[in-house]
Amino acid sequence: MGDLLNLFLDNTLTESAYKSKQIKVTHHYPVRESAEQHGMRLLSEYAEAKRDSHSITSDQVAAIKAKEGCYFDISGLAGQELLVKSLESVSSGIRICNVHATGEKADEEVIATVYVPDSKEHIFLKKIEDYAKGIPEGKTKPAHDDLVRSIEKIRMSVVQSLWTDSKAYFPTTGAAWCEIWLRTTVGHIAEVKNQFFILCNKLDIPIKDEFLTFPDRIVCAAYVSGEDLSKLLQLSDCLAEFRRLAEPNSFFTGLETSEQKEWAEDLLARIKPINQDVAVCILDTGVNNEHPLLRPFYGNDSVHKVRDYMASGADMNGHGTQMAGIAGYGDLKKCLESGEDVFLNHSLESVKLIGSKENEPELYGEYTKQAVSIAEISNPEKTRVVCLAVTAESTSENKDGRPSSWSAAIDSLASGADDGIKRLFLISSGNVQLSEYNADKQSYPDACILHQVEDPAQAWNVLTVGAFTDRLVIDSPYLEGYQPITDAGTLSPFSSTSRLWRSKWPIKPEILCEGGNAAKNDDGTVDTCDNLSVLTTHHRPTQKLFTTTNATSAAVANASWMAAEITEKYPDCWPETVRALLIASARWPEKMFKMFCRDEHKKKEVQKLLRSCGYGIADLKRAEYCAESSVNMIIEAELQPFQMRNGYCGFGQMHIHQLPWPTEYLLDMGEAEVELKVVLSYFIEPGPGEIGFNDRYRYPSCGLRFDVNNVGESKEHFEYRINQQMRDDRDDIETDAVTNDNDRWLIGVNGRSSGSLHCDIWKGTAAELSESNLIAVYPTSGWWRTRSYLKRQSSKIRYSLVVTLSTPSVEAQLYTEITNKISIPIPIENRK
């Protein structure tokens, strides 16, 4: 018998109008003894800041028409909140440029940089003036009380006010390539861009022709000094923030190994092409597609370069060809040694992103978009998986997972924000370097914990891939006395993590694939060798056919191979579904689990595991197929998260899906252990910019969440618990204040809520699970709702649910019972 195919479910959905539960939020604004004194002080500070803003003018700036407004730094009291959202009035042109904080969390000072047009400053000042009048007759507090009392200081903005990256990257001496983030509004993108380009030309500031466009923001790349940035601040009305341009750094060349030419010839004789409608598009250093083992993967017009200055799409570095060997074959060593037929279920494409010489500075978000576009235009009929192992160390001050222009551009590309085409991206998490063990004397796994996931792998819509290792054999004569740095089935010593990120940013990496091990001696010196690495193809096949590579580059290439295999197997499934299936397939080996989670009953300990190892090691077999004792059920649906009602944008729909549980069979299983794993995957439309670092709803267009009914909880009571709208409509329902039974979930409601991919695992008895067969999907807020002027309130978002029901019992017939429940023949795949 062949393998059992995954089950795609239909007719599971009940749709309802949704209203979120009211949550009382307690704000911490300072108490002011005298509204009159506080208000008058702020008015005085505003006037002084405006005088300062107009007093700093160079001769060159004086010769150019200055801006028609001023930038102000408005800060809150240390340790207290600043009512940031009320500082902005889009219709009046009073705009928040960025928001940042200084100091430790307990004494954190929030600072908003705000642009106020001269012609509209009376609107801003009137709020302070009305507050300064004190408590009006018949009222209990001054006008605009929360806003004005939350403001501690008003100062003139300086260049550093708009610098949102680490201070170490500021171009203090000389010039550097930087990102200039500009504010814009609907219908004014071309106007703002052109005016800024003209200004840069007048100031003799080199600026790239390429730019990125997001809701509210345009991102340009310019070669600027600190003095140049100061001039721009004095002259431009549309600035939002400055950042350092990303510089990719995560390449390495694997150690070479001698292999017999006959191995390759034997493998070529066993290759059986089946279907090459699916492609893995590798964005890297190019490829040598004339390598005999790679030639079958590359058709006409499948090797490209992204810049004209690159001589060709050929690989002079070696890294791209190494990626191709893994992305094409998966485990090349296994293919060589097995003696069995090898079926090629996808093709390969290459777009050279990194040349053999030092690359020109690039706005890498736009650069990546251009690379993908080249591949799509060349072969528009292909369904492709995009594989990227080019990463850069984050330049942000906190390096805490916040979006960059690069990661946001990839999120936009994946979501189809510009053209409606959804795309599956897999990105390496970035690598711990050997120097971090040797020169910096860091130990394992501390080096992995301290090395944070690199840019752009923090992107919400991508699948970020880290590395584990099963490699233990040390075969090098130069490494006598060395031992493997870690055991088999644990995190690779090269894998970066998101352990130091704030909890509101996505869990990264999400999955692990083989990335090799390292070896250390008694002195603590760390090195690697061929057998601790991954076999792949060499970029100079006339010299040698094989080499080795390692780290998260090898891992993401292997994960891309898996994603392509799934896509070929289920050609109609969405990219969101392929991502969810790989998450659903992932498991943590016991050693890995215990290394990072000392107590699975403590949610904080589980978070340490997740932010180190994601959801575990991906398994293609589990992603592609079911077994009698383990069933993957897939639901693909679309939901409208928001809706305008009487001029107000509220929440739109929620969905409840009824799963085809074989209730009687589960009851008969009784106390037998079962596991329910739920994965919810969707792509958000990004709205980047440092305009709400403490507001998770500023970046995503919307969020989705899932919940499962508790044991003994009916559908009516389940919906009542989740849906405030139903509470408004149905006063006749009597129920206790039931909440999600969080303790039965490994990760928990709060722990699974970050990013655009949510996963959790429930373990219990079959009898208990028989009563929990309802899954709700409901929206949370986002900029589609809060930025009404962008008119996206009626937009829809699609999502994929992958629900895996499994049991250790080998006699269980879950698959048969479920297929009987939905009255379909058991789908079986027989591979030729």
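At a glance:
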read-out	value
Restricting the range 748-793 to residues that are aliphatic (A, V, I, L, M) and surrounded by 21 or more Cβ atoms within 10 Å (Cβ to Cβ), the residue that is nearest to GLU510 (Cα to Cα)	LEU757
Selection status of SER429, of a type outside the set (D, E, K, R) and in contact with a Gly (Cβ under 7 Å, 6 or more places away or on another chain)	yes
Evaluation of THR26 against (1) part of a loop (DSSP other than H, G, I, E, B); (2) at pLDDT below 90; (3) buried (at least 18 other Cβ atoms within 10 Å of the Cβ) (one fails), failing number	(3)
Scan of the range 282-295 for residues that are over 17 Å from ALA371 (Cβ atoms) and buried (at least 17 other Cβ atoms within 10 Å of the Cβ), ordered by number	ASN288, HIS291, LEU293, LEU294
Members of the range 461-478 found to be touching a strand residue (DSSP E or B) at 6+ places or on another chain (Cβ under 7 Å) and either acidic (Asp, Glu) or open to solvent by 10 Å² or more (accessible area, probe 1.4 Å) (or both), listed by number	PHE468, ASP470, LEU472, ILE474
Subset of the range 299-321 [over 19 Å from TYR367 (Cα atoms) and open to solvent by 10 Å² or more (accessible area, probe 1.4 Å)]	GLY299, ASN300, ASP301, MET316, ASN317
Subset of the range 360-390 (residues that are of a type in the set (Val, Ile, Thr), over 19 Å from the mean Cα position of the chain (by Cα) and under 18 Å from TYR309 (Cα atoms))	ILE374
Qualifying residue in the range 806-818 (condition: at pLDDT 85 or above and touching a Lys or Arg at 6+ places or on another chain (Cβ under 9 Å))	yes
Residue list for the range 146-157, restricted to those being open to solvent by less than 30 Å² (accessible area, probe 1.4 Å) and not in a helix (DSSP H, G or I)	ILE151, ILE154, SER157
In the range 458-493, the residues that are free of Cβ contacts under 8 Å to residues at least 60 places away in the same chain, of a type in the set (Asp, Glu) and more than 12 Å from GLY516 (Cβ to Cβ)	ASP475, GLU480
Conditions (1) buried (at least 18 other Cβ atoms within 10 Å of the Cβ); (2) at pLDDT 90 or above; number of the one not met by LYS796	(1)
Residue in the range 564-573 that is free of Cβ contacts under 8 Å to residues at least 12 places away in the same chain and assigned to a loop (DSSP other than H, G, I, E, B) present	yes
Test: residue in the range 362-373 that is outside any helix (DSSP H, G or I) and either among the hydroxyl-bearing types (Ser, Thr, Tyr) or open to solvent by 40 Å² or more (accessible area, probe 1.4 Å) (or both)	no
Some residue of the range 128-144 being of a type in the set (S, T, N, Q) and touching a residue at least 60 places away in the same chain (Cβ under 8 Å)	no
Residue list for the range 170-188, restricted to those being open to solvent by 60 Å² or more (accessible area, probe 1.4 Å) and under 11 Å from ASP216 (Cα atoms)	VAL186, GLY187, HIS188
Subset tally (residues that are in a loop (DSSP other than H, G, I, E, B), touching a residue at least 40 places away in the same chain (Cβ under 8 Å), more than 24 Å from ILE326 (Cβ to Cβ) and over 19 Å from the mean Cα position of the chain (by Cα)) for the range 416-442	1
Odd one out for ASP308, checked against (1) assigned to a strand (DSSP E or B); (2) more than 17 Å from ARG384 (Cβ to Cβ)	(1)
Count - residues of the range 330-344 that are out of contact with any Phe, Trp or Tyr (no Cβ under 9 Å at 6 or more places or on another chain), within 10 Å of LEU267 (Cβ to Cβ) and either basic (Lys, Arg) or not in a helix (DSSP H, G or I) (or both)	1
Tally of residues being outside any loop (DSSP other than H, G, I, E, B) and open to solvent by 50 Å² or more (accessible area, probe 1.4 Å) across the range 125-145	3
Residues located in the range 539-563, provided they are open to solvent by less than 10 Å² (accessible area, probe 1.4 Å), over 14 Å from ASP331 (Cβ atoms) and outside any helix (DSSP H, G or I)	THR547
Every residue from the range 97-151 that is more than 24 Å from SER161 (Cβ to Cβ) and among the hydrophobic types (A, V, I, L, M, F, W, C)	ALA132, ILE135, ALA143
When residues of the range 425-460 are limited to those that are under 19 Å from LYS608 (Cβ atoms) and β-branched (Val, Ile, Thr), the one surrounded by the most Cβ atoms within 10 Å (Cβ to Cβ)	VAL453
Residue match in the range 645-659 (condition: on the phi > 0 side of the Ramachandran plot and open to solvent by less than 10 Å² (accessible area, probe 1.4 Å))	no
Subset of the range 568-599 (residues that are of a type in the set (S, T, N, Q) and under 17 Å from TYR682 (Cα atoms))	THR577
Failed condition for PRO493, given (1) modelled with pLDDT of 95 or more; (2) within 22 Å of the chain's Cα centre (by Cα)	(2)
Set GLU108, GLU104, GLU88: member being modelled with pLDDT of 90 or more, open to solvent by 20 Å² or more (accessible area, probe 1.4 Å) and within 30 Å of the chain's Cα centre (by Cα)	GLU88
Within the range 282-293, tally of residues that are of a type in the set (A, V, I, L, M, F, W, C), under 31 Å from the mean Cα position of the chain (by Cα) and in a loop (DSSP other than H, G, I, E, B)	1
Verdict on ASP419 being surrounded by fewer than 24 Cβ atoms within 10 Å (Cβ to Cβ) and out of contact with any Asp or Glu (no Cβ under 6 Å at 6 or more places or on another chain)	yes
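Residue-by-condition table, conditions (1) open to solvent by less than 40 Å² (accessible area, probe 1.4 Å); (2) over 29 Å from the mean Cα position of the chain (by Cα); (3) of a type outside the set (Lys, Arg); (4) modelled with pLDDT of 95 or more:
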site	(1), (2), (3), (4)
GLU191	no, yes, yes, no
LYS202	no, yes, no, no
ASP209	no, no, yes, no
ASP216	yes, no, yes, no
LYS231	yes, yes, no, no
GLN234	yes, yes, yes, no
GLY254	yes, no, yes, no
LEU267	yes, yes, yes, no
VAL280	yes, no, yes, yes
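The values are calculated or read from the model by the stated rules, or taken from the named source; none is laboratory data. In this text, all values refer to a predicted model and were calculated from it rather than measured experimentally. All Cβ positions, glycine included, derive from the backbone under ideal geometry; neighbour counts span all protein chains shown. Areas reflect the complete protein model, heavy atoms only, side chains present, ligands, DNA and RNA absent. Shrake-Rupley method; radii C 1.70, N 1.55, O 1.52, S 1.80 Å.
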